[in-house]
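For reference, the structure is listed below as structure tokens.
Any read-out appearing in this document is the output of simple, stated calculations on the displayed coordinates, not a laboratory observation. Since the structure is predicted, the reported quantities are computational estimates derived from the model, not experimental observations. Every residue, glycine among them, receives a Cβ derived from its backbone with ideal geometry; neighbour counts consider all protein chains shown.
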Amino acid sequence: MKLLLVHADYMEYEAKKATKIAEDVDEGRKSMRVEEPLVAFVAVEKGDDEKVAEKAVSEIRAVAKKVGAERVVLYPYAHLSSNLSSPELAIRLLKMMEEKLSDLEVYRAPFGWYKAFKISCKGHPLSELSRELRSQQVEELDEKELTQALRDEEKAKSYWYILHDGKLVSVEEFDFSNYPKLKKFADYEISKRRAVDRVPPHVELMKRLQIADYEEASDSGHMRYYPKGRLVKSLLEEFVTRKCVEYGAMEVETPIMYSRDHPTLRRYLERFPARQYIIKGDKREFFLRFAACFGQFLMCSDAVITYRNLPLKIYELTRYSFRKEQRGELVGLRRLRAFTMPDMHTIVKDMEQAKKEFMNQYRLSVETLRAIGLTPEDYEVAIRVTKDFYEENKEFLKEISEILKKPILIEMWDRRFFYFVLKFEFNFVDALDKASALSTVQIDVENAERYDISYVGKDGEKKRPYILHCSASGAIERCIYALLEKAYMNAERGKPPMLPVWLSPVQVRVIPISENFLDTALEVAEKLNKRLIRADVDDRDETLNKKVRDASTEWIPYVAVIGKKEVEEGKLTVTIRAESELEKQKRVKMSVEELIDRIKKECEGMPFKPLPLPVKLSERPSFR
RNA sequence: GCCGCCGUGGCUUAGCUGGUAGAGCGGGUGAUUCGUAAUCACCAGGUCGCGGGUUCAAAUCCCGCCGGCGGCUCCA
């Protein structure tokens, strides 16, 4: 409940027009003039109850006494709050307040009317006071929900710079004319400016391409993935996992839910500004993990680690991580409540080793994204750092900035309020100029202590390590989002949209010119599939034109037409999407072997999974 | 979470100053067997997001809820 108390020479009001929620009032109460009142403007809020009303009454009584007012005007004033209760409750509480104050002279202005009023405020020091009253329940709830980190963040002050060619300039002074995307990103980060009111293109695409879709039967932000989507996701998952394992990480698996009462976890939760899903068990309450930190840190806490083992890397692909993001923030594959994130933690013995690993993992992230199909032109780099760390490590940050030779957005904090001192992110800027983080690495200086993680040094003494958090690609779903948005932006420039060949659910579509060539087409497809290339056959009774069109709208990279000419020549006529324009297709004659070689070369080193659907289109369901 | 806009067959949508739903795609059947971006015909398919209310009558008006999008907020 919000109260605004005004001690006045007089107050007069007149009810003009009833709203839908207006209470019935006698003619006599519709207008009023009261001399020397204490006017209490009141807004009843959600969660308010009788106790709150009582508190309000004693508050009003106290102030009335203090200023020597004998008359009180209770004036419903909705504009004090953006969290109003129902009108019914408001009227009930107002009437109750009126009654409890009846030892004074009380006037209650009618609820739910447009009213004109005049007031003459006395202007002495106590003549204007405001009060905010809340039910105990609501207070406790707020206390629970607002973690320390969320509160701290509100207080944190950021300073923004651009680091370029080893020089740090403030954002205001930086000349963005050659870096329009960085400008968009900086605007997005600093001023939070948005220029759009459209459905993001990838949402339409993920549905149309039968990759993913909303699942209304679940909570918002939990998607369903169709066979093609599952394939794409699964390939990305396998690839990023492989990258991390090759980098030297040991893959582990940890639970997805943890006790809320566990003392260590509890303190960690308080440092992490995220909202959790809470699961009620028989006796205890659990929360769903929002990253793999919990399981991995607990594992490391119990492990015996010596200096010889460092840097020690462990990795898990979280399927899933859960974050109860606010409703208004959820969009397509960009921001979810359940998502898959590669999460690698590296235990290092000191800051020197931490920096070295940070640099390595920066490079690892660049490589990982590049292989996925996202080049440095597709994202912008942000570094978040405490002022102290920056001052002591200017040279190091300069080296970092030289890896990609791109200007970097720096956010500097005058004090540390997160668990890390340094962090980078690669931020994808989408078709609507919105930015979201993909890869990220952080140097954590807090959690080794909190989780009691230690290693034995050369001298036999237990020592505290630092920990790096690394997500080499960012959330897998977000990678798909970025690829779809990128394809859309390409299409706007006249380039046929497509996924990288290794991620394309169907890599080759074989189209027989008529039923007479269906068997040959099936043979070709079989040959391709045996050589680990995803090929299917459009065996539907449709015209050639129709089949070509459909193959194109599915973004299939290679479309091979087979008819009399091809059978005679022993070659396929292949339309190569990557080399085509939207207006004119690039068509090449090649043998099956040549096609295989070409695709093999393109997909070298990348994971493969077989076609997730029947080879014949006629046998394939449509999921939408 | 707050505010705004939206929600019609599997998909895209017309109808919305109230008078009990119309199309295209997709699907089925038949014809057609085709040389690079939508072959033709016929048929089936709709609790108009859900729940209340107003009305003789609601897809259409009102209220609540759910879902989507956008803004605010926030972002590991």
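For chain A, taking Cα atoms only, Rg and Dmax work out to 32.1, 108 Å respectively.
Packing order of peptides A:420-430, A:327-337, highest average first: A:420-430, A:327-337 (average count of other Cβ atoms within 10 Å over each peptide's residues). Both radii come from the Cα set of the stretch A:342-433: Rg as radius of gyration, Rh as Kirkwood radius; their ratio Rg/Rh reads 0.96.
What is the stretch A:220-319 by shape, rounded, prolate or oblate, if you read a ≥ b ≥ c off the alpha carbon gyration tensor as root eigenvalues and call it rounded for a/c under 1.5, prolate for a/b larger than b/c, and oblate otherwise? Oblate shape, in that a/c is at least 1.5 and b/c is the bigger or equal ratio.
From most to least packed by mean Cβ count within 10 Å, the peptides A:486-497, A:284-295, A:510-521 give A:284-295, A:510-521, A:486-497. Here the stretch A:383-440 is treated as a sphere whose radius is the Kirkwood value from Cα pairs; by Stokes-Einstein at 4 °C and 1.567 mPa s it diffuses with a coefficient of 104 µm²/s. Mean sequence separation of contacting Cα pairs (under 8 Å, at least six apart), scaled by the length of chain A, corresponds to a relative contact order of 12 percent.
Over every Cα atom in the stretch A:366-406, the radius of gyration and the widest Cα-Cα span, Dmax, amount to 12.6, 36 Å. What does the C-alpha gyration tensor say about the overall shape of the stretch A:2-133? Classify as rounded when a/c is under 1.5, otherwise prolate if a/b is larger than b/c, or oblate. Oblate.
The stretch A:413-429 and the stretch A:342-385 have their alpha-carbon centroids 13 Å apart. Peptides A:399-409, A:581-591, ordered by how many other C-beta atoms sit within 10 Å of their residues on average, highest first, read A:399-409, A:581-591. Based on Cα contacts under 8 Å between residues 6+ apart, the stretch A:2-133 shows a relative contact order of 44 percent. Charged side chains reduced to their Cβ positions (Lys and Arg at +1, Asp and Glu at -1) give chain A a dipole of some 760 debye around its Cα centre. For the stretch A:501-619, what class follows from the C-alpha gyration tensor (a ≥ b ≥ c being the square roots of its eigenvalues): rounded when a/c is under 1.5, otherwise prolate if a/b is larger than b/c, else oblate? Taking the square roots of the gyration eigenvalues as a ≥ b ≥ c, the stretch A:501-619 is rounded.
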